[in-house]
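Colleague: My questions will all concern the structure given below.
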Amino acid sequence: MDGDNHTAVTEFLLLGLSGNQEQEEVLCGLFLLVAICWVITSLHALLHTLLMVRLNFCSNNTVHHFFCDPYAVLKLSCSDTRINDMVVFTVGGLVFLTPFTCIVISYAYIFSNVLKLPSAQGIRKALSTCGSHLTVVSVFYGAILGVYMRPSSSYSIQDMVASVIFTVVTPLVNPFIYSLRNQDMKRALRKLILRSAN
């Protein structure tokens, strides 16, 4: 039985030949969505790279960061970086606002439907699920907004910490927040805390 399921899943994912037209359309849509995301992010990175090539870098060329953040590299330049700053604001604003707007619209639909639920327990459960996601999204977007929506000349150590938050902390905290919604995980965490307290 397990081998049959494995074969059906493999056929669906690799070949898209499930026999169900709806599933094939969903699979095609998912692949298209991934391809569009890949192209947009590649073009975004290429734009910043091409704009960095025209800059001159003098003196100390050490980026005090754990990745080459555009603002950290721009701060090392002794050339005029106004064009780069303007591109970071405009393109970065579009890259920031597009998914943020989609998230806000989707939550507006979710909240309007949640408020129509007949039971208070159903509303509480739905809002609890949304609250976990909104917490992670708020931390992620708050850190990005704080770092990238101001001039590169004001880049500081606090921005490096914020960069760590949205590149390392948010992806680590996300599964933790969602796993705390699981009752088994809550019980295991309580046991662990009580055992370490004793």
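The values are calculated or read from the model by the stated rules, or taken from the named source; none is laboratory data. Small disclaimer: the values here were computed from a predicted structure and weren't measured. Note: ideal-geometry Cβ built from the backbone for every residue, glycine included; neighbour counts use all protein chains shown. Heavy atoms of the whole protein, side chains included, go into the accessibility calculation; ligands, DNA and RNA do not. Shrake-Rupley method; radii C 1.70, N 1.55, O 1.52, S 1.80 Å.
Colleague: Which helices count as membrane-span-like in the chain under these terms: full DSSP H, at least 18 Å along the axis by C-alpha, Kyte-Doolittle mean of 0.5 or more?
Modeller: Going by DSSP H runs, the hits are 21-53, 82-114, 120-148.
Colleague: Give the list, by residue number, of cysteines in the chain with no other Cys Cβ closer than 4.7 Å, or say none.
Modeller: Lacking a cysteine Cβ partner under 4.7 Å: Cys28, Cys37, Cys68, Cys102, Cys130.
Colleague: Another question, then. To the nearest 20 debye, what charge dipole does the range 121-198 have about its Cα centre, counting +1 at the Cβ of each Lys and Arg and -1 at the Cβ of each Asp and Glu?
Modeller: The dipole magnitude comes to about 560 debye.
Colleague: Oh, and also: Once R0 is set to 45 Å, what does the formula 1/(1 + (r/R0)^6) return for the Cβ-Cβ distance between Cys58 and Leu172, expressed as a FRET efficiency to the nearest 0.05?
Modeller: The pair Cys58/Leu172 has a calculated efficiency of 0.75.
Colleague: For the range 70-109, treating each Cα as an identical point scatterer without solvent, what Debye log10 I(q)/I(0) comes out at q = 0.21, 0.23 1/Å?
Modeller: Debye output, listed in q order: -0.67, -0.73.
Colleague: Additional query: What does the extension gain come out to for Cys28 and Ala197, with contour length at 0.36 nm per residue minus their alpha carbon separation?
Modeller: Gain on stretching Cys28 to Ala197: 55.6 nm.
Colleague: Also, quick follow-up: Which lysines does Lys116 reach when only Cα atoms under 23 Å apart count, and residues fewer than 8 places away in its own chain are ignored?
Modeller: Cross-link targets: Lys125.
Colleague: Run the dipole for the chain about the Cα centre, Lys and Arg Cβ at +1, Asp and Glu Cβ at -1, nothing else charged, and hand back the magnitude in debye, nearest 20.
Modeller: 1120 debye
Colleague: Sticking with this one: Using square roots of five times the C-alpha gyration tensor eigenvalues, list the equivalent-ellipsoid semi-axes of the chain in whole Å, biggest first.
Modeller: Over the Cα atoms of the chain, the semi-axes work out to 39, 27, 20 Å.
Colleague: Given labels modelled 7 Å from the Cα in the Cβ direction, how far is it in nm from Met86 to Thr129?
Modeller: 4.7 nm
Colleague: Separate question: Dipole of the range 55-197 (Lys/Arg Cβ +1, Asp/Glu Cβ -1, origin at the Cα centre): which of Ser196, His64, Leu94 lies farthest to the positive side?
Modeller: The listed residue farthest towards the positive side: Ser196.
Colleague: Given the protein chains as shown and a 1.4 Å probe, how many square angstrom of Leu145 are accessible, to the nearest 10?
Modeller: Solvent-accessible area, nearest 10 Å²: 80 Å².
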